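Undergrad: The structure under discussion is supplied below as structure tokens; questions concerning it will follow.
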Amino acid sequence: MATLTLTESDLYYFDPEAADKTCRFVEKFCRHWEGKWAGHPFTLLDWQRDLVRNLFGWKRRADNLRRFRELYLLTGKGAGKTPLLAAIGLYCLLGDGEAAPHVISMASSFEQANLTFDCGKKFTLISPDLA
């Protein structure tokens, strides 16, 4: 998988604390609910951690807001997109500190988009802290 290399500039900087905060949230509050990993914490894979850190760590110097406000993710079936996107959505809803967050999950069908919602719902149901 190709890695994205970004560099700081007059417009953007990298905030490692903001990047790591999101990873800590996911790994602390999100737990698998089915299969052999049921009950175990959602440990981010290397590519997932890199993606999350880039998504939440890069900020605009002008206003300190995130550089990236949208994510379009394409990976193969079974790569872990659904739980990753559900965990990111929960972070945006509960951990990002925004007063009225608006999180949207889009897919090629309602059923597909609903998988992410259901995953987030299950993360919440099995976590007393998220509930």
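The values are calculated or read from the model by the stated rules, or taken from the named source; none is laboratory data. Remember, predicted model here, so these are calculated numbers, not experimental data. A quick note on method: Cβ atoms are made from the backbone with ideal geometry, for glycine too, and the neighbour counts reach across all protein chains shown. Surface accessibility is based on the protein's heavy atoms, side chains included, excluding ligands, DNA and RNA. Shrake-Rupley method; radii C 1.70, N 1.55, O 1.52, S 1.80 Å.
Undergrad: Please work out the average accessible area per residue across the chain, using the 1.4 Å probe convention, and give it in Å².
TA: With all protein chains present, the chain gives 67 Å² per residue.
Undergrad: Still on this structure, I have one more. Report the trypsin sites (Lys or Arg not before Pro) located in the stretch 76-131 that are in a DSSP loop and have at most 10 other Cβ atoms inside 10 Å of their Cβ, or state none.
TA: K77
Undergrad: For the residue pair R24 and A131, what label-to-label distance in nm results when each label sits 7 Å from Cα along the Cα-to-beta-carbon direction?
TA: 2.5 nm
Undergrad: Still on this structure, please answer the following. Let me spell out the model: positive unit charges on the Cβ of Lys and Arg, negative unit charges on the Cβ of Asp and Glu, origin at the Cα centre of the chain. What dipole size does that give, in debye rounded to 20?
TA: Its charge dipole is roughly 180 debye.
Undergrad: On to the next question. Are there any GluC sites (Glu not before Pro) in the stretch 55-131 that are in a DSSP loop and have at most 10 other Cβ atoms within 10 Å? List them by number. Don't jump to the answer; show the numbers that get you there.
TA: Details: sites: E70, E98, E111; in loops: E70, E98.
Here the GluC sites (Glu not before Pro) that fit, given the DSSP loop and packing criteria, are E70.
Undergrad: Amide H of W33: which non-local residues (sequence gap of 5 or more, or other chain) have their own amide H closer than 5 Å, using H built in the peptide plane?
TA: G39
Undergrad: Okay, next question. Accessible area, 1.4 Å probe, largest first: how do D118, D50 sort?
TA: Values: D118 55, D50 80 Å².
Of D118, D50, the descending order of accessible area is D50, D118.
Undergrad: Another question about this same structure. Rank-order 9-21, 25-37 by packing density, defined as the average count of other C-beta atoms within 10 Å over each peptide's residues, highest first.
TA: Per-residue Cβ counts within 10 Å, averaged per peptide and sorted highest first, yield 25-37, 9-21.
Undergrad: So, one more: Read phi for every residue in the stretch 59-69 and hand back ³J(HN,Hα) as whole Hz from Karplus 6.51 cos²θ - 1.76 cosθ + 1.60, θ = phi - 60°, with x for Gly and Pro.
TA: Karplus-based 3J(HN,Hα) across the stretch 59-69 equals 10, 8, 5, 4, 9, 6, 7, 4, 5, 9, 10 Hz.
Undergrad: Continuing with the same structure: Taking amide H positions as placed in the peptide plane 1.01 Å from N, state which residues far from Y12 in sequence (5 or more) or on other chains have amide H under 5 Å from it.
TA: The list, which skips near neighbours in sequence, is R61.
Undergrad: Please state the shape class of the chain: rounded when a/c is under 1.5, otherwise prolate if a/b exceeds b/c and oblate if not, all from the C-alpha gyration tensor.
TA: prolate
Undergrad: Additional query: Which ³J(HN,Hα) values in Hz, rounded to whole numbers, follow from the phi angles of the stretch 98-103 under the Karplus curve 6.51 cos²θ - 1.76 cosθ + 1.60, where θ = phi - 60° and Gly and Pro get x?
TA: 8, 5, 9, x, 10, 10
Undergrad: Heavy atoms only, probe 1.4 Å: what % of the accessible area of the chain goes to carbon and sulfur, would you let me know?
TA: Working: 4870 of 8790 Å².
So the carbon and sulfur contribution to the accessible surface is 55 percent.
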